[in-house]
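Worksheet: the structure to be examined is printed underneath.
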Amino acid sequence: MASTVEVLVDAFNEAGTPFIVGHPGGESVEMMEAARKAGMRFIFIKQETAGAMLASTWGEITGSPGVCLSTRGPGASNMINGVTHAFLDRCPLIAITDSYPAHTYETGLRQRLNQLALYAPVTKWNTTIGAKTVRQQVRRAIRVATSGTPGPVQFDLPADQTTCEAETLLAEPPLRADIVPLAPDRNGLKRPLEMLDAARKPILLVGIGALWCRAAAEVLALAEKLGAPVLTTTKAKGAIAEDHPLSAGALIGGVIERDLVSRADLIVTVGLDAVELQPKPWPYTAPVMSLASTPGLDALVPAAPEVIGDLKPLLAGLAEWAKGGAGWGEEAARDYRARLNAALDVPANGLTPQGVLEVSRAVLPRETVATCDAGASRMLVVQKWGAFGPREFLACNGLGSMGFAVPGALGARLAYPDRPVVAFTGDGGLLMALAELQTAARENLPIIVVVFDDEEIGLIRVKQEIKQIRPYGVGIGGMDWEKLAQGFGVDGVTVDTETALGDALIAALASGRTTLIGARIDGSGYVAQFNALREL
């Protein structure tokens, strides 16, 4: 008969997740041994938040829940930032925290936390695993994590339950519901079709929900039928190839895009989740129609109607039955991209952050997968890095946490083992996840890390400057990227020209090794770029 941890490991394997990532505690060893016996990989991460971000990224890309674990107490409390990332960025994740047996928890004080209460606000569901209930609990967890709006589930795993014999179920439900989607009926879509047919200048705002339904092809078909320009959220970059004539780029909630969106006489949101938007009132007066797989509960976007259903057949039906638009989209998208590029083309001395992106996109192969950290460079990466397929650009958007790019790139490397992966990060963000360079080397997960080295926490310096406050408390500087890389067993190089950057990227691709590229940039143009793109 199977033990509790064996049941968990078997379920994770069956769900399509072949690894567990984490920083183990003493109570984790039985699960690690069960994973070893089942041929399931264990990835030892150096910091629990990074482990949760790595596993979340795997889940975001594949749709199978990533699995991470930590020890009780300090490990559990440290992992919560990564789990919160999964919660606000809609990533399927199962987070396992060691815990005391009930009798120890009730009598001891050391390392005792109410971990269920700690995780409850940032998970879709959490529970304490027991041998008598584990088979049903793990099935419920996988369904909760992957269904509807994806997100994290947390298990407290008491030490006295790990090797107990798991009780069997007379009839085990499948790990995931076998859902048969219903095809839309033309008469049932009468109102949205009438709105589409009446619109002369519709625009599509595409969010992450389109990717949950794997509906990128159908988004493109509807856009082409309507001749409508397309803006995607950061999380949905690549839902339409960003070199397509109808692609206007990424929706950032800034002033620069308002002229384009305000010209539309119908705004069609597709899978738009309010967590993807800036926390501001909706700035448009045009009618809004929402197409989504789940209803919006936030009352932020004034959509009427909300058309709810599986987006893949829903979009296909609308593309088939809509009459077609006036075809304003290509010119509108082209003009907007030109305005955007002009706003970002701010002169500076030496290597500019926008120059780093332009060289990187020109040199790295089309199929390269990119991750992006929070910070001053983030907005430039979002706008300047072209993504050409869904889930090829990954960022911590809903939470906006620094330290995501490197563990996110490792998760992407696991999901895309045959494709180049590049992590764009600021110097501050990299220092939060620096130890995971050793994980990349040890686990044979080669990635390219490009560091925007401006020797400061640039975003805060920008805000200080805009508010006419002297820069204070934001300096970093003094990093020898080559020596740091060498210490972690990876390649490293420092560059300060576009030519040197291009050469370093070519060399990194050829080596097949993790490479850290410190790009010494002039960030003096950030303020002008922020003022042009977004209010602060």
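Local charge sum around Ala216 (other residues, Cβ-Cβ under 10 Å, Lys/Arg +1, Asp/Glu -1)? It works out to a net charge of +2.
Taking the charge dipole of the stretch 296-422 about its Cα centre, with +1 at Lys and Arg Cβ atoms and -1 at Asp and Glu Cβ atoms, the residue from Ala362, Asn397, Leu315 reaching farthest to the positive side is Ala362.
In the chain, a dipole from Cβ-located charges (positive for Lys and Arg, negative for Asp and Glu) runs towards its positive end, and of Ala86, Val268, Val449 it is Val268 whose Cα lies farthest in that direction.
Peptides 382-394, 182-194, 241-253, ordered by how many other C-beta atoms sit within 10 Å of their residues on average, highest first, read 382-394, 241-253, 182-194.
Magnitude of the charge dipole for the chain, about its Cα centre and with charges confined to Cβ atoms of Lys, Arg (+1) and Asp, Glu (-1), is about 740 debye. Here, the stretch 346-533 is characterised by an Rg to Rh ratio of 0.94, where Rg is the alpha-carbon radius of gyration and Rh the Kirkwood radius. Near Cys396, the amide H atoms lying under 5 Å from its own belong to Cys372; only residues 5 or more places off or on other chains count, and H is placed 1.01 Å from N.
Restricting attention to the stretch 346-533, close to 5% of DSSP beta bridges with both partner residues there are antiparallel.
Overall, the stretch 4-158 carries a charge dipole of about 180 debye about its Cα centre when +1 sits on the Cβ of Lys and Arg and -1 on the Cβ of Asp and Glu, all other atoms neutral.
A helix-only calculation puts the chain at -11500 deg cm²/dmol for mean residue ellipticity at 222 nm, using -39500 (n - 2.57) for each DSSP H run of at least four residues, averaged over all residues.
Straight Cα distances below 15 angstrom link Lys46 to the aspartates and glutamates Glu436, Glu443, with same-chain residues fewer than 8 positions distant left out. Of all DSSP beta bridges confined to the chain, the antiparallel ones make up roughly 5%. P(r) for the stretch 321-443, from all Cα pairs and a bin width of 5 Å, is 2, 10, 17, 19, 19, 14, 8, 6, 3, 1, 1, 0 %, short bins first. Over all directions, the projected convex hull of the C-alpha atoms in the stretch 4-158 averages 7.8 nm² in area.
Taking a straight Cα-Cα cut-off under 22 Å and skipping sequence neighbours fewer than 8 places away in the same chain, the lysines within cross-link reach of Lys124 are Lys235. A simple count of charges around Ala35, restricted to other residues whose Cβ falls under 13 Å of its Cβ and scoring Lys, Arg +1 and Asp, Glu -1, yields -1.
Taking the Cα centre of the stretch 346-533 as reference, the dipole from Cβ charges on Lys and Arg (+1) and Asp and Glu (-1) amounts to some 480 debye. The fraction of Cα-Cα pairs per 10 angstrom bin, counted from 0 for the chain, comes to 4, 18, 27, 25, 18, 8, 1, 0 percent, rounded to whole percents. Mind checking Rg over Rh on the stretch 139-195, alpha carbons, Kirkwood formula for Rh? Ratio of gyration radius to Kirkwood radius for the stretch 139-195: 1.26. Within a straight-line Cα-Cα reach of under 24 Å, Lys237 can be paired with the following lysines, leaving aside sequence neighbours fewer than 8 residues apart in one chain: Lys201, Lys225, Lys280, Lys312, Lys384.
Rg to Rh for the stretch 34-89: what is it, with Cα atoms only and Rh by Kirkwood? Ratio of gyration radius to Kirkwood radius for the stretch 34-89: 0.99. Each of His103, His23 has some number of other Cβ atoms within 10 Å of its Cβ, and from fewest to most they run His103, His23.
Within the stretch 197-308, antiparallel bridges make up roughly 0 percent of the DSSP beta bridges whose residues both belong there. Label point of Gln111 set 7 angstrom out along Cα-Cβ; within the stretch 8-24, amide nitrogens under 15 Å from it belong to 23-24. Placing unit charges on the Cβ atoms of the charged side chains and taking the dipole of the chain about its Cα centre, the candidate lying farthest along the positive direction among Thr352, Val382, Pro471 is Val382. Taking Cβ atoms as reference points and 14 Å as the exclusive limit, the residues near Gln154 contribute a net charge of 0, counting Lys and Arg as +1 and Asp and Glu as -1. Summary of packing: across the peptides 281-289, 302-310, the per-residue average of other C-beta atoms within 10 Å ranks them, highest first, as 302-310, 281-289.
Rule-based calculations on the coordinates, nothing more; no lab input. Just so it is clear, the model here is predicted, and its values are computed rather than measured. No Cβ is skipped: glycine too gets one built from the backbone with ideal geometry, and neighbour counts run over all protein chains shown.
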